[in-house]
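Below is one structure, written out as structure tokens, with a few remarks after it.
The values are calculated or read from the model by the stated rules, or taken from the named source; none is laboratory data. Treat the numbers as computed from the prediction; the structure is a model and nothing was measured. Neighbour counts are summed over all protein chains in view; Cβ atoms, including those assigned to glycine, are modelled from backbone coordinates with ideal geometry. Calculation scope for accessible area: heavy atoms of the full protein, side chains included, ligands and nucleic acids excluded. Shrake-Rupley method; radii C 1.70, N 1.55, O 1.52, S 1.80 Å.
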Amino acid sequence: MKKMVLAVCCCGALLGGCGDRYEAKSGLTPYKEELFAMDTYMNLCAYGEQSQKAVEAASAEIQRLDELLSVTGESGDVYQLNQLGQRQVEADTLAVISRAVDVSKETDGLFGCTITPVMKYGVP
């Protein structure tokens, strides 16, 4: 769970992008990486002595979560759960599903995590 929170925080911070203004003011060269995961193109960027290590760690965690939570990747918890109807899942998967259920309740059902039928068949 801590890794997932760290990845989300890193993504949020990194998704702000590496601004040219910061680079010019600080004199630091950013470490950048592009990846495609979770059906999204992502640009990760960090500055400082540990920037490469931080970006590579964030990238690895994003890719791990992408595989774990994928509805199409056969090794993922969500795929297996959809196929089998029940399954013991990783703690991170359980945390994401639990939070999705909570948000759905908090929004009186306006938020729903069951998007696969819409993705497969479209919206009528």
Can you name the number of the only condition in (1) at negative phi; (2) modelled with pLDDT of 90 or more that Gly48 fails?
(1)
Scan the range 6-28 and tell me whether some residue there is outside any helix (DSSP H, G or I) and either aliphatic (A, V, I, L, M) or at pLDDT 85 or above (or both).
yes
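One line per residue, one yes/no per condition, for (1) over 30 Å from Gly27 (Cα atoms); (2) in contact with a Lys or Arg (Cβ under 9 Å, 6 or more places away or on another chain); (3) touching a residue at least 60 places away in the same chain (Cβ under 8 Å):
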{"site": "Ala46", "(1), (2), (3)": "no, yes, no"}
{"site": "Glu49", "(1), (2), (3)": "no, no, no"}
{"site": "Lys53", "(1), (2), (3)": "no, no, no"}
{"site": "Ala58", "(1), (2), (3)": "no, no, no"}
{"site": "Thr72", "(1), (2), (3)": "yes, no, no"}
{"site": "Gln80", "(1), (2), (3)": "yes, yes, no"}
{"site": "Gln83", "(1), (2), (3)": "yes, no, no"}
{"site": "Arg87", "(1), (2), (3)": "yes, no, no"}
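Determine whether Val71 is in a loop (DSSP other than H, G, I, E, B), modelled with pLDDT of 85 or more and under 15 Å from the mean Cα position of the chain (by Cα).
yes
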For the list (1) touching a helix residue (DSSP H, G or I) at 6+ places or on another chain (Cβ under 9 Å); (2) open to solvent by 40 Å² or more (accessible area, probe 1.4 Å); (3) in a loop (DSSP other than H, G, I, E, B), I need the number of the one condition that Gly48 fails.
(2)
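Which of the residues that make up the range 34-44 are assigned to a strand (DSSP E or B) and either touching a residue at least 12 places away in the same chain (Cβ under 8 Å) or not charged (D, E, K, R) (or both)?
Within the range 34-44, the first condition is being assigned to a strand (DSSP E or B), and the residues that meet it are 34-37, 40-44.
Hits for the range 34-44 are Leu35, Phe36, Ala37, Thr40, Tyr41, Met42, Asn43, Leu44.
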Residues of the range 66-86 being of a type in the set (Val, Ile, Thr) and open to solvent by 50 Å² or more (accessible area, probe 1.4 Å), which ones?
Val71, Thr72
(1) open to solvent by 40 Å² or more (accessible area, probe 1.4 Å); (2) in a helix (DSSP H, G or I); (3) over 25 Å from Phe36 (Cα atoms): which one isn't true of Asp108, the others all being true?
(2)
Could you please find all residues in the range 61-86 being hydrophobic (A, V, I, L, M, F, W, C), out of contact with any Gly (no Cβ under 8 Å at 6 or more places or on another chain) and within 23 Å of Leu44 (Cα to Cα)?
Ile62, Leu65
Here is a list of conditions, (1) surrounded by fewer than 16 Cβ atoms within 10 Å (Cβ to Cβ); (2) outside any helix (DSSP H, G or I), and Val118 meets all of them except one; can you say which number that is?
(2)
Limited to the range 87-105, what total is found for residues that are open to solvent by less than 100 Å² (accessible area, probe 1.4 Å) and assigned to a loop (DSSP other than H, G, I, E, B)?
2
